[in-house]
Amino acid sequence: MKIKGMIIAARKEFVNENFGQGAWEKVLAGLSLEDRQLIGESILSSQWYPFEIGDHIDKAIVKVLGKGDDLVFEQLGAKSAQKSLAKEHRTFLAPGNPQSFMKKTGSIYKFYYDTGYREYQATGPNSGVITTYEAKTFSVPDCLTVVGWYKEALKMCGARDIKITEEECRATGGKVCRYKVEWNI
């Protein structure tokens with residue numbers, strides 16, 4: 001499975017903004033030489049990278065900067081949504097209509113991952129379930145990033161009091177990654 005460079009670039013930007021000058025270099029120092037060479041001098045947003053490199057970066061962020069706290073990835077997901085939905089993916093936003101935005105979940109997934117698929121099923125006017133199927137790789141940090149990304153995206157569509165609960169996760173033995181989503185307008 002591969003991920004778009006924009007995911008890695010969002011992590012770099014998040015690290016620099018939230019942990020200061022030199023923090024990204026500390027994260028890179030926590031990676032293997034092979035990983036550092038794969039990333040190279042510049043991250044290309046439109047290039048595909050192995051999912052594993054994202055996982056290795058995530059683990060380095062938690063170890064080096066997050067002091068072992070995985071919840072830093074919800075913040076990272078939020079920053080990623082702010083960046084991508086303000087620029088190249090702003091057409092996905094549906095201001096004033098979070099449900100309309102959520103119905104684009106499957107299309108959005110394809111911009112970030114090259115295998116598997118994600119579906120959204122509305123369960124009420126302000127709720128639904130996101131399910132990711134057949135992703136070849138998965139991790140707890142990636143799922144937390146998804147939670148943070150959707151929370152921020154829903155805010156950008158006018159939702160408030162957003163609650164996202166991961167009900168099942170492949171990284172912890174589940175068959176799919178499933179998130180219950182609820183909000184108010």
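Considering only residues that are of a type outside the set (D, E, K, R), farther than 23 Å from Asp70 by Cβ and modelled with pLDDT under 95, which ones fall in region 109-142?
Of everything in region 109-142, those that are of a type outside the set (D, E, K, R), farther than 23 Å from Asp70 by Cβ and modelled with pLDDT under 95 turn out to be Phe111, Thr115.
Report, by residue number, each residue of region 145-171 that is in contact with a helix residue (DSSP H, G or I) (Cβ under 7 Å, 6 or more places away or on another chain), part of a helix (DSSP H, G or I) and not charged (D, E, K, R). Step through it out loud before you land on a result.
Taking region 145-171 first, the residues in contact with a helix residue (DSSP H, G or I) (Cβ under 7 Å, 6 or more places away or on another chain) are 145-149, 151-154, 156-159, 162, 164, 166, 169, 171.
From the residues that got through so far, the ones that are part of a helix (DSSP H, G or I) too are 145-149, 151-154, 156, 171.
Correct list: Thr145, Val146, Val147, Gly148, Trp149, Ala153, Leu154, Met156, Ala171.
List pairs: first residue in region 130-156 and without any contact (Cβ under 8 Å) to a residue 60 or more places away in the chain and buried (at least 22 other Cβ atoms within 10 Å of the Cβ), second residue part of a helix (DSSP H, G or I) and β-branched (Val, Ile, Thr) anywhere in the structure, Cβ distance under 7 angstrom, at least six positions apart or on different chains.
Ile130/Thr105
Within region 37-87, how many residues turn out to be without any contact (Cβ under 8 Å) to a residue 12 or more places away in the chain and assigned to a loop (DSSP other than H, G, I, E, B)?
So the count comes out to 8.
Which residues, counting only those in region 55-69, are closer than 19 Å to Glu166 by Cβ and touching a helix residue (DSSP H, G or I) at 6+ places or on another chain (Cβ under 6 Å)?
Asp58, Gly66, listed by residue number.
Table: residues versus (1) closer than 18 Å to Lys67 by Cα; (2) surrounded by fewer than 18 Cβ atoms within 10 Å (Cβ to Cβ).
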residue	(1), (2)
Ile8	no, no
Phe14	yes, no
Gly22	yes, yes
Ala29	yes, yes
Phe51	no, no
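Ser107: under 15 Å from Pro141 (Cβ atoms), assigned by TED's automatic domain parsing to the domain that holds Glu166 and either of a type in the set (S, T, N, Q) or within 17 Å of the chain's Cα centre (by Cα) (or both), yes or no? First the steps, then the outcome.
Working: under 15 Å from Pro141 (Cβ atoms): no; assigned by TED's automatic domain parsing to the domain that holds Glu166: yes; either of a type in the set (S, T, N, Q) or within 17 Å of the chain's Cα centre (by Cα) (or both): yes.
For Ser107, the condition - under 15 Å from Pro141 (Cβ atoms), assigned by TED's automatic domain parsing to the domain that holds Glu166 and either of a type in the set (S, T, N, Q) or within 17 Å of the chain's Cα centre (by Cα) (or both) - is not met.
Applying the selection to region 101-123, what residues are touching a residue at least 12 places away in the same chain (Cβ under 8 Å) and over 15 Å from Arg178 (Cα atoms)?
Matches in region 101-123: Phe101, Lys103, Lys104, Ser107, Ile108, Phe111, Tyr112, Tyr113, Asp114, Thr115.
Could you please let me know if Thr115 is closer than 18 Å to Ile3 by Cβ, buried (at least 16 other Cβ atoms within 10 Å of the Cβ) and either of a type in the set (Phe, Trp, Tyr) or not assigned by TED's automatic domain parsing to the domain that holds Met6 (or both)? Reasoning before the result, please.
Working: closer than 18 Å to Ile3 by Cβ: yes; buried (at least 16 other Cβ atoms within 10 Å of the Cβ): no; either of a type in the set (Phe, Trp, Tyr) or not assigned by TED's automatic domain parsing to the domain that holds Met6 (or both): yes.
So Thr115 does not fit the description; no.
Looking at this structure, is Ala159 among the aliphatic types (A, V, I, L, M), closer than 25 Å to Met1 by Cα and crowded, with 22+ Cβ neighbours inside 10 Å? Show your work before the answer.
On the way: among the aliphatic types (A, V, I, L, M): yes; closer than 25 Å to Met1 by Cα: no; crowded, with 22+ Cβ neighbours inside 10 Å: yes.
When the stated conditions are applied, Ala159 does not pass them.
Can we say Gly96 is farther than 16 Å from Cys157 by Cβ, of a type outside the set (Phe, Trp, Tyr) and either out of contact with any Lys or Arg (no Cβ under 7 Å at 6 or more places or on another chain) or in the same structural domain as Thr165 (by TED's automatic domain parsing) (or both)? Spell out the reasoning first.
Details: farther than 16 Å from Cys157 by Cβ: no; of a type outside the set (Phe, Trp, Tyr): yes; either out of contact with any Lys or Arg (no Cβ under 7 Å at 6 or more places or on another chain) or in the same structural domain as Thr165 (by TED's automatic domain parsing) (or both): yes.
Judged against the criteria, Gly96 is not a match.
So, in region 132-162, how many residues would count as being more than 16 Å from the chain's Cα centre (by Cα) and closer than 15 Å to Met102 by Cα?
Selection size over region 132-162: 5.
The values are calculated or read from the model by the stated rules, or taken from the named source; none is laboratory data. Computed from a prediction, not measured in an experiment: that's the story for all the values here. Every residue, glycine among them, receives a Cβ derived from its backbone with ideal geometry; neighbour counts consider all protein chains shown.
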